[in-house]
1. Calculate the FRET efficiency for Asn205 and Phe172 from the Cβ-Cβ distance with a Förster distance of 45 Å, rounded to the nearest 0.05.
2. Can you compute the modelled spin-label distance between Ala24 and Leu92, with each label point 7 Å from Cα toward Cβ, in nm?
3. State, to one decimal in nm, how far the label point of Val103 lies from the label point of Leu119, with both points 7 Å from Cα in the Cβ direction.
4. For segment 97-224, evaluate the Debye formula with one uniform point scatterer on each Cα (no solvent term) and list log10 I(q)/I(0) at q = 0.17 Å⁻¹, rounded to two decimals.
Amino acid sequence: MAITPHTAEVARLYQTEFVRSARAVGVLWAVCTLCFAIIEVVVLVQPSWVGTRELHYQSGTPPPTSGTLGLFEVCLESDWPVPECRGSLRTLTPLPSFQSPAVLVCMSLTMVWASVGCLCLFRFCNAATVYKICAWLQLTAGFCLALACVLFPDSWDCAEMRALCGEAVGSFSPGNCSVHWAFVLAMLGVLDAAILATLAFVLGNRQDALLPADAKDVTGLLLAA
């Protein structure tokens, strides 16, 4: 198959513009992946998944307990500037009632940071393969995080929640408490993981389209020769 100068020029221009566009989107995807990994760390360690509501109480009666709760710690407000926290964040030992959500968030965090580590493979492996590996890792991370977001409210019927939120707590019923920003951030992380995984699959599949059909035929003939 003969290669005309016009075909070669079109292939060169097409490849240049396409590669620039793909690289720009790929850099944006990589930055968002790193940000998602940092968000996962914040979600894991912050004791702000659930917090007490602002309640009115009669004069002369002791005020209700005020504080927040996470996967590893329960923090109660005190006269000191820093809340008094109970738990084992330093040893990463989750509260007994929230072991399953904590393990799932840790698995999700591991998958996300593994996808961040895979970014180094772009210098040594095919870009399409790396994108697809990262996509599956991010998809698994999102699934684990989504499952943690479901199991966490299902575990509210426990001693830690009763001590903080009153006896009215139950499964999916926070009693005198409400969800706080860390839990909301975890739910947004599920959406973020789905978007990043979809984008990685798209980028991976489009790597084979970096050349027009004529150039692909020429490449195939050269490889066959």
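Bear in mind these aren't lab numbers, they're just calculated from the coordinates by the rules spelled out. Remember, predicted model here, so these are calculated numbers, not experimental data. Note that each Cβ is placed from the backbone with ideal geometry, even for glycine, and that neighbours are counted across all protein chains shown.
1. With a Förster radius of 45 Å, E is 0.70.
2. 3.9 nm
3. So the two model labels end up 3.1 nm from each other.
4. So the normalised log intensities are -0.89.
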